[in-house]
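So the structure is just underneath, and the comments pick up after that.
The values are calculated or read from the model by the stated rules, or taken from the named source; none is laboratory data. None of these values were measured; they are calculated from a predicted model. Positions of Cβ are backbone-derived with ideal geometry, glycine not excepted, and every protein chain shown enters the neighbour counts. Side chains included, ligands, DNA and RNA excluded: accessible areas come from the protein's heavy atoms. Shrake-Rupley method; radii C 1.70, N 1.55, O 1.52, S 1.80 Å.
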Amino acid sequence: MSKAPESIVIRPIITENSMDGVADRKYTFEVAKDANKIEIAKAVEALFDVEVKKVNTVNVSGKLRRYGRFEGYTASSKKAIVTLTEGSKTIEFFDGMM
């Protein structure tokens, strides 16, 4: 049973570092922890109508945070850096951020 593309790609990650990659056709997304690279590539192609060349993934562990005498960890997540092919169109959402 395959997952819906909307359940694999959770949200785009908009930081200074990730926006520097847009010029090189690299886009960063937060993705489902159990998604693999092939599923991520297919989901991005389906959602944004682009051609994916390569997918790199990073597991991000939660950080320790304190609030007064209480402490705990923020949620861990998974990031995917998606590189598009030369002939592919860009993702319009990120173009508006530049």
Of the candidates Glu30, Glu45, Glu71, the one satisfying the condition of being among the acidic types (Asp, Glu), at negative phi, open to solvent by less than 90 Å² (accessible area, probe 1.4 Å) and modelled with pLDDT of 95 or more is Glu30
Pairing a residue in segment 25-36 that is over 15 Å from Pro5 (Cβ atoms) with any residue that is aliphatic (A, V, I, L, M) and assigned to a loop (DSSP other than H, G, I, E, B), where Cβ atoms lie under 8 Å and the two sit 6 or more apart in sequence or on different chains, gives Thr28/Ile13
All conditions in (1) in contact with a strand residue (DSSP E or B) (Cβ under 7 Å, 6 or more places away or on another chain); (2) modelled with pLDDT of 95 or more; (3) farther than 19 Å from Ile13 by Cα are true of Arg66 except (1)
Screening Glu16, Glu6 for residues that are touching a helix residue (DSSP H, G or I) at 6+ places or on another chain (Cβ under 8 Å), of a type outside the set (Gly, Ala, Ser), at pLDDT below 95 and open to solvent by 90 Å² or more (accessible area, probe 1.4 Å) leaves only Glu6
So Val55, is it in a loop (DSSP other than H, G, I, E, B) and of a type outside the set (Phe, Trp, Tyr) | no
